[in-house]
Number of protein chains: 2
Amino acid sequence: MLINVPETVVADALRGLAAAHPELNVDVENRVIVRRDAPVAGQVALLSGGGSGHEPLHGGFVGPGMLSAACPGEVFTSPVPDQMARAAAAVDSGAGVLFVVKNYTGDVLNFDMAAELAEDEGIQVAKVLVNDDVAVTDSLYTAGRRGTGATLFVEKIAGAAAAEGQPLERVEAVGRQVNDSSRSFGVALSACTTPAKGSPTFDLPDGELELGIGIHGEPGRERRPMMTSGEIADFAVNAVLEDMPPRSPVLVLVNGMGATPLLELYGFNAEVQRVLRERGVPVARTLVGNYVTSLDMAGASVTLCQVDEELLRLWDAPVSTPALRWGM
Amino acid sequence: MLINVPETVVADALRGLAAAHPELNVDVENRVIVRRDAPVAGQVALLSGGGSGHEPLHGGFVGPGMLSAACPGEVFTSPVPDQMARAAAAVDSGAGVLFVVKNYTGDVLNFDMAAELAEDEGIQVAKVLVNDDVAVTDSLYTAGRRGTGATLFVEKIAGAAAAEGQPLERVEAVGRQVNDSSRSFGVALSACTTPAKGSPTFDLPDGELELGIGIHGEPGRERRPMMTSGEIADFAVNAVLEDMPPRSPVLVLVNGMGATPLLELYGFNAEVQRVLRERGVPVARTLVGNYVTSLDMAGASVTLCQVDEELLRLWDAPVSTPALRWGM
């Protein structure tokens, strides 16, 4: 690993993020990443966070048109309530703060406590829970479905609503609509290695893959001998569509887990698009890249988000963050 | 690997790129990626290309403000002259075409032949050779120094000059200035696996790293027991500064080779910035991410580009490509 010692991995990364992105205000000690112009008068603030190791999620999504702040925890470990409450206070303009929470037990608990702390300070808080992963119900880290790729869609689209000055109830409703309209399915071709452990977090032999993997390497549905990119696309897209029958056009996220080359991700996207064509699902927009990762895990996930005209308009709205930027 | 069969990896990726980026014109059969609005009247066109496996280089850098077209070869294999000549004809507006060529024997030879073909068709051609890697002189694929991370700086900055309507001689001079002002040094923490071979291209035992690696896994200067991120930053930045004594402010590219998590790249950036501070080198801009990769190799490279006010202005100019986008 390209690290100093496991204990400083998150702090080191925050110092490096600060150096590369002067448009962000990075509080390394308190582990809060805030857009430099926060709070923005008249706008609802969006706050998210979670364990580190999923970069660019969430710190790479802080900026105009998306998150107001992000709180990174230790690797694969929830941030703490004080950290979130501090971030909420830094970004609240008086219009309220929307918490975007991936459905993992630690995150849910800590964001709930942070909401209480923030409300005690007179900050209006609303929450959107992201639980888009159709692979399994309940897992090592979750009661209910896990939150994965749809987080990007929720943060971008609700962030655009907030940037337009929509009120808290409306930004929250948009975020919920995005989550309710999104489903994901992921596969692992290799395990990931956490800095603290220094060796793979689970055992996945060469020549096998795990279907329905979580973003911490939590077990999925089943393990199989290696499949082709086309077979994996069939399995993943059909798993999503089984849970969410095709209706309106979709946003497609073909997301790399970390170590799969972009060359392969684009090839996988070709197969995902083929399956969608065969199933008669119109595609509105496609995003391919490493956005919601799992350290150095090889593999990919597919997220579909069904959009109406309004959600598509908000998706297309300008955004300026380290990892997602267009229109400004 | 997330592929169908090795033979279709590049074609599959191009189909997937086309689906995700309707703003590009992707000719899958002839392997040419062109911005959809090409040729752009009154503007010099920029054309690059090289072996696949380094994505987003070059296809991900096609768009307003950067490349007009890119020609991907097979994995780690030069594209062919016909392909380049076809691309040149597609993008030439009459103002001429600048070829950006990484210094690998096959690329140099084939771009030279393509230039002759294009000139036979009445197209004015100029060339910039990129040879920024200070690690070794001559290698498996190169006579002289290898072209690596500086390619991004050359394509972005010369692309901005072209977008302003500067004439061919001037765009070429800007490209050369950028290359002459840039140096790189890379390290590998693991080997990469090509689709055709299906196993690591060289043997790098766990717990060792290769200092001065090339982007195809060509051997570097030396192999050592694993070093910390700080030690690697000291070695890499000092290797660069030994070859190019500190002068004006620099652009910094902290580039991932493919499989190293963004969390680690940002941490490495913190150490790179520390060394630059210690050496008294002012930093103008920093870019961190996977831009000039080597399939699933773990590791990173550091590129410094010394800029004057004019180069910095061109760096900051608007760009809109799949992998690099700001200001538009």
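Any idea which of B:Val5, B:Val28 is without any contact (Cβ under 8 Å) to a residue 24 or more places away in the chain, more than 20 Å from B:Ala85 (Cα to Cα) and surrounded by fewer than 24 Cβ atoms within 10 Å (Cβ to Cβ)?
B:Val5
Select from region B:285-308 the residues that are over 26 Å from B:Pro261 (Cβ atoms) and either under 13 Å from the mean Cα position of the chain (by Cα) or not in a loop (DSSP other than H, G, I, E, B) (or both) and list them in ascending order. Reasoning before the result, please.
Filtering region B:285-308 for residues over 26 Å from B:Pro261 (Cβ atoms) gives B:306-308.
Answer for region B:285-308, where residues must be over 26 Å from B:Pro261 (Cβ atoms) and either under 13 Å from the mean Cα position of the chain (by Cα) or not in a loop (DSSP other than H, G, I, E, B) (or both): just B:Gln306.
Buried (at least 24 other Cβ atoms within 10 Å of the Cβ) and in contact (Cβ under 8 Å) with a residue 60 or more places away in the chain: does that describe B:Val254? Even if it seems obvious, please write down each step before you answer.
Details: buried (at least 24 other Cβ atoms within 10 Å of the Cβ): yes; in contact (Cβ under 8 Å) with a residue 60 or more places away in the chain: no.
It is false that B:Val254 is buried (at least 24 other Cβ atoms within 10 Å of the Cβ) and in contact (Cβ under 8 Å) with a residue 60 or more places away in the chain.
With the condition kept exactly as written, say whether any residue in region A:211-233 is within 13 Å of chain B (Cβ to nearest Cβ), without any contact (Cβ under 8 Å) to a residue 24 or more places away in the chain and in a helix (DSSP H, G or I).
The answer is yes, given that some residue of region A:211-233 is within 13 Å of chain B (Cβ to nearest Cβ), without any contact (Cβ under 8 Å) to a residue 24 or more places away in the chain and in a helix (DSSP H, G or I).
For region B:248-270, give me each residue that is more than 7 Å from chain A (Cβ to nearest Cβ) and either part of a helix (DSSP H, G or I) or within 16 Å of A:Met1 (Cβ to Cβ) (or both). So that I can check it myself, show each step before the final result.
Start the filter on region B:248-270 by keeping residues that are more than 7 Å from chain A (Cβ to nearest Cβ), which leaves B:248-257, B:265.
Within region B:248-270, B:Val254, B:Gly256, B:Met257, B:Leu265 meet the criteria.
Each row is one residue, and each column tells you yes or no for (1) out of contact with any Phe, Trp or Tyr (no Cβ under 7 Å at 6 or more places or on another chain); (2) farther than 24 Å from A:Phe76 by Cα.
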{"site": "A:Ser139", "(1), (2)": "yes, no"}
{"site": "A:Lys156", "(1), (2)": "no, no"}
{"site": "A:Ala173", "(1), (2)": "yes, yes"}
{"site": "A:Ala188", "(1), (2)": "yes, no"}
{"site": "A:Ser199", "(1), (2)": "yes, no"}
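What are the residues in region B:8-25 that are touching a residue at least 40 places away in the same chain (Cβ under 8 Å) and open to solvent by less than 40 Å² (accessible area, probe 1.4 Å), if any?
B:Val9, B:Val10, B:Ala13, B:Leu14, B:Leu17, B:Ala20, B:His21, B:Leu24 - these are the residues of region B:8-25 that are touching a residue at least 40 places away in the same chain (Cβ under 8 Å) and open to solvent by less than 40 Å² (accessible area, probe 1.4 Å).
Answer yes if at least one residue in region A:124-136 is in a loop (DSSP other than H, G, I, E, B), buried (at least 24 other Cβ atoms within 10 Å of the Cβ) and of a type in the set (A, V, I, L, M, F, W, C), and no otherwise.
Scanning region A:124-136 turns up at least one residue that is in a loop (DSSP other than H, G, I, E, B), buried (at least 24 other Cβ atoms within 10 Å of the Cβ) and of a type in the set (A, V, I, L, M, F, W, C).
Go through region A:36-50 and give me each residue that's buried (at least 24 other Cβ atoms within 10 Å of the Cβ) and either more than 17 Å from A:Gln166 (Cα to Cα) or facing chain B (nearest Cβ under 10 Å) (or both).
A:Ser48, A:Gly49, A:Gly50
Taking the criterion of being out of contact with any helix residue (DSSP H, G or I) (no Cβ under 9 Å at 6 or more places or on another chain) and either among the charged types (D, E, K, R) or in the same structural domain as B:Arg35 (by TED's automatic domain parsing) (or both), would at least one residue in region B:184-197 satisfy it?
Taking every residue of region B:184-197 in turn, none turns out to be out of contact with any helix residue (DSSP H, G or I) (no Cβ under 9 Å at 6 or more places or on another chain) and either among the charged types (D, E, K, R) or in the same structural domain as B:Arg35 (by TED's automatic domain parsing) (or both).
Please go through region B:16-35 and pick out each residue that is within 9 Å of chain A (Cβ to nearest Cβ) and touching a Gly at 6+ places or on another chain (Cβ under 8 Å).
Within region B:16-35, B:Gly16, B:Leu17 qualify.
With the structure loaded, tell me whether B:Ala300 is more than 22 Å from B:Gly214 (Cα to Cα), among the aliphatic types (A, V, I, L, M) and crowded, with 24+ Cβ neighbours inside 10 Å or whether it fails that test.
Here the answer is no, as B:Ala300 does not meet what is asked.
Return a yes/no flag: does region A:271-284 have any residue that is facing chain B (nearest Cβ under 9 Å), in a loop (DSSP other than H, G, I, E, B) and at pLDDT 95 or above. Write out each step before concluding.
From region A:271-284, those facing chain B (nearest Cβ under 9 Å) are A:271-274, A:283; that's our starting set.
Right, trim to in a loop (DSSP other than H, G, I, E, B) and you get none.
No.
Checking B:Gly186 against (1) farther than 26 Å from A:Pro200 by Cα; (2) more than 10 Å from every other protein chain (Cβ to nearest Cβ); (3) open to solvent by less than 10 Å² (accessible area, probe 1.4 Å), which test does it fail?
If we test B:Gly186 against (1) farther than 26 Å from A:Pro200 by Cα; (2) more than 10 Å from every other protein chain (Cβ to nearest Cβ); (3) open to solvent by less than 10 Å² (accessible area, probe 1.4 Å), just (1) comes out false.
All but one of (1) outside any helix (DSSP H, G or I); (2) open to solvent by less than 10 Å² (accessible area, probe 1.4 Å) hold for B:Leu311; state the number of the condition that does not hold.
(1)
For region A:202-227, enumerate the residues that are over 18 Å from the mean Cα position of the chain (by Cα), open to solvent by less than 40 Å² (accessible area, probe 1.4 Å) and among the charged types (D, E, K, R).
Correct list: A:Glu210 only.
Only residues that are within 14 Å of B:Phe99 (Cα to Cα), in contact (Cβ under 8 Å) with a residue 40 or more places away in the chain and either among the aliphatic types (A, V, I, L, M) or surrounded by 24 or more Cβ atoms within 10 Å (Cβ to Cβ) (or both): list them for region B:73-84, please.
Correct list: B:Pro79 only.
Name the single residue, out of those in region A:109-120 being of a type in the set (A, V, I, L, M) and touching a strand residue (DSSP E or B) at 6+ places or on another chain (Cβ under 6 Å), that is surrounded by the most Cβ atoms within 10 Å (Cβ to Cβ).
Here the answer is A:Ala118.
The values are calculated or read from the model by the stated rules, or taken from the named source; none is laboratory data. Everything quoted here is computed from the prediction, not taken from an experiment. Note that each Cβ is placed from the backbone with ideal geometry, even for glycine, and that neighbours are counted across all protein chains shown. Each accessible area value is taken on the protein alone, full model and side chains, heavy atoms only, with ligands, DNA and RNA left out. Shrake-Rupley method; radii C 1.70, N 1.55, O 1.52, S 1.80 Å.
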